[in-house]
Amino acid sequence: MKRQMVDMLADLIKIPSDPFSDKQEVLDYVQSFTDQVHMRNTLFGESTAPALLAEYGQGGVVLSGHLDTPPIGDYWSFSQSQLAGGRMYGRGAADMKGTVIAMLQAAQDLVARKVPVVLALTTDEETTMQGAAALAKTLPMRRAKAIVVGEPTGLRVAYAEKGVLDLAIETRGKAAHGAMPHLGENAISKMMRILRGLESFKGRIAHPELGSVTMNIGTLNGGTRINVVPNKATAEVDIRFPPPYSPDQLYREIEEHLRRIKTPFTLRRLLSMRSVQIDPESPHVKLLREVSSAESAVLVHASEAVCYTQVNPNVVIFGAGEEELSHQANEYVKVEAVARASEVYKKYAQRLATGKAG
């Protein structure tokens, strides 16, 4: 079984699944496996980013994962799917193809034992999460005894994660010759004042484990030529916030903070995603801690848990891989962690199926 697991993980990592790739190949790979183990497959969501619901029986645990990744990027020291020192390297190894393989292996064993189980696998978690939104409307997700979202938690049981507020900022100026800047208004200079002010924003709410608001200025554009005073500048900012902040509340606070700078700007939302807070003493969370003998954790990044907690309170986050390796060069997952995650999923599903939730 372990040899099969390693081979499948290597195969899955080799399949391109970044935002610029056709997702059909990676979906076909997992769907072929679920067909072979006699699960009932149904597709949901957009045809360009389909989501797969594979079911066996009723009333079982849902194992939820995503198949897509960011682009591979540069500066790798290892090749894609290279195995070295018990680690499998490659884009998506930690986030979260290693965990997807753990889920597939667990499902295979559970079906053989006639234990109900559902796999919920998406292909657009890194971009729109429309697949998760479509799956959230289905009865298996709404009625599940538990939904385990397999984000990389280092085999810890996570019960909270930050939300996302992505903003676009624009400043306007007046074009002039670069040799006569006094005749123009420099939009980049205005943007610099706005961004310096934004970086001083601290937020009014902090979480005991997740801390306070963080932000990343991800893109900055302005100007057309070196000898022209720029008349427009734009920036995109990725902001992460802890519960119990809401996106609306945070947006109002940021807008109010920036108005104090006395520099004209426009502010526009690109993406809003709620934070997640699950009761760590909920029976389904306590059971997973018991089965896994693992510590509790919180996540600073967002996941599809935000979609599923809106329709089912029995959501918990647990997976192989380390959160800090996500989207990095030389991303890897430990093979033993994948095997361990698979065993935990099997034991958890069996306990839920027998009604022994603690």
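Values quoted throughout were computed directly from the atomic coordinates according to the rules given, and no laboratory measurement underlies them. These figures come from a predicted structure and were not determined experimentally. Quick reminder, even Gly has a Cβ in these numbers, built from the backbone with ideal geometry, and neighbours come from all protein chains shown.
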For the chain, find the longest principal axis of its Cα atoms and tell me its angle to the long axis of helix 2-14, 0 to 90°, nearest 10. 30 degrees
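With the alpha-carbon atoms as the only input, what is the per residue convex hull volume for the range 286-349 in Å³? Please report the intermediate quantities before stating the final value.
Values: hull volume 6.3 nm³, N = 64.
Cα-based convex hull of the range 286-349, divided per residue, equals 99 Å³.
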Can you compute the label reach from Ala206? Point 7 Å from Cα along the Cβ direction, backbone N cut-off under 17 Å, restricted to the range 242-268. 242-245
In whole angstrom, largest first, the equivalent ellipsoid semi-axes that the Cα gyration tensor gives for the range 123-192 are 49, 16, 9
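Could you check how many percent of all C-alpha pairs in the range 226-358 are farther apart than 25 Å?
Details: 4231 of 8778 pairs.
In whole percent, the share of Cα-Cα pairs in the range 226-358 beyond 25 Å is 48.
What is the range 201-358's relative contact order, in percent, from Cα pairs under 8 angstrom and six or more apart in sequence?
Numbers: 142 pairs, mean separation 27.7, N = 158.
Relative contact order here is 18 percent.
Please compute the volume of the convex hull spanned by the alpha-carbon atoms of the range 244-320 and report it per residue in Å³.
Values: hull volume 9.7 nm³, N = 77.
Convex hull volume per residue, Cα atoms: 125 Å³.
Per the Kirkwood treatment, what hydrodynamic radius in Å, one decimal, follows for the chain from the mean inverse distance over all distinct Cα pairs? Write down the numbers at each step before the final one.
Details: mean 1/r = 0.0461 Å⁻¹.
By the Kirkwood definition, the hydrodynamic radius is 21.7 Å.
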Quick one: work out Rg over Rh on the C-alpha atoms of the range 1-58, Rh as Kirkwood radius. 1.00
Work from the charge dipole of the chain (Cβ charges, +1 for Lys and Arg, -1 for Asp and Glu, about the Cα centre) and give the residue of Ile317, Ala353, Thr214 farthest towards its positive end. Thr214
Listed peptides 252-261, 153-162 by packing density, highest first (mean Cβ within 10 Å): 153-162, 252-261
Placing each pseudo-label 7 Å from Cα in the direction of the beta carbon, Val311 and Ser47 end up separated by a distance in nanometres of 2.3 nm
Where nothing but the Cβ of Lys and Arg (+1) and of Asp and Glu (-1) is charged, how large is the charge dipole of the range 164-273 around its Cα centre, in debye to the nearest 20? 460 debye
Considering amide H positions built from the backbone, and no H for Pro or chain starts, which residues 5 or more places from Gly178, or on another chain, come under 5 Å of its amide H? Val228, Val229
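Defining a contact as two alpha carbons under 8 Å apart and six or more residues distant in sequence, what relative contact order in percent does the chain show?
RCO, the chain: 25 percent.
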Quote the convex hull volume per residue of the range 58-177, based on C-alpha atoms, as a whole number of Å³. 178 Å³
GNM result for the chain, Cα springs below 10 Å: residue of Ala175, Ala134, Ala235 fluctuating most strongly: Ala175
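How high is the relative contact order of the range 164-273? Use alpha-carbon pairs under 8 Å, at least six apart in sequence, and give a whole percent.
Numbers: 221 pairs, mean separation 48.3, N = 110.
In percent, rounded to a whole number, it is 44.
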How large is ³J(HN,Hα) for each residue in the range 107-116, as worked out from phi by the Karplus curve 6.51 cos²θ - 1.76 cosθ + 1.60 (θ = phi - 60°), to whole Hz, x for Gly and Pro? 4, 4, 5, 5, 4, 4, 8, 6, 9, x
Aspartates and glutamates near Lys286 by alpha-carbon distance under 19 Å, same-chain residues fewer than 8 away left out - which ones? Glu151, Glu161, Glu209, Glu295, Glu343
Cut-off 10 angstrom, C-alpha nodes, Gaussian network model of the chain. Which of Met129, Met273, Met180 fluctuates the most? Met180
Can you list the lysines whose alpha carbon sits under 23 Å from that of Lys97, skipping same-chain ones fewer than 8 residues off? Lys2, Lys14, Lys23, Lys162, Lys334, Lys346, Lys347
Taking only Cα atoms of the range 164-273, radius of gyration then Dmax in Å: 15.7, 53
Expected vector for the range 36-53, Karplus 3J(HN,Hα) from phi with 6.51, -1.76, 1.60 and θ = phi - 60°, integer Hz, x for Gly and Pro, equals 5, 9, 6, 9, 8, 9, 9, 9, 9, x, 6, 5, 7, 8, x, 10, 10, 10
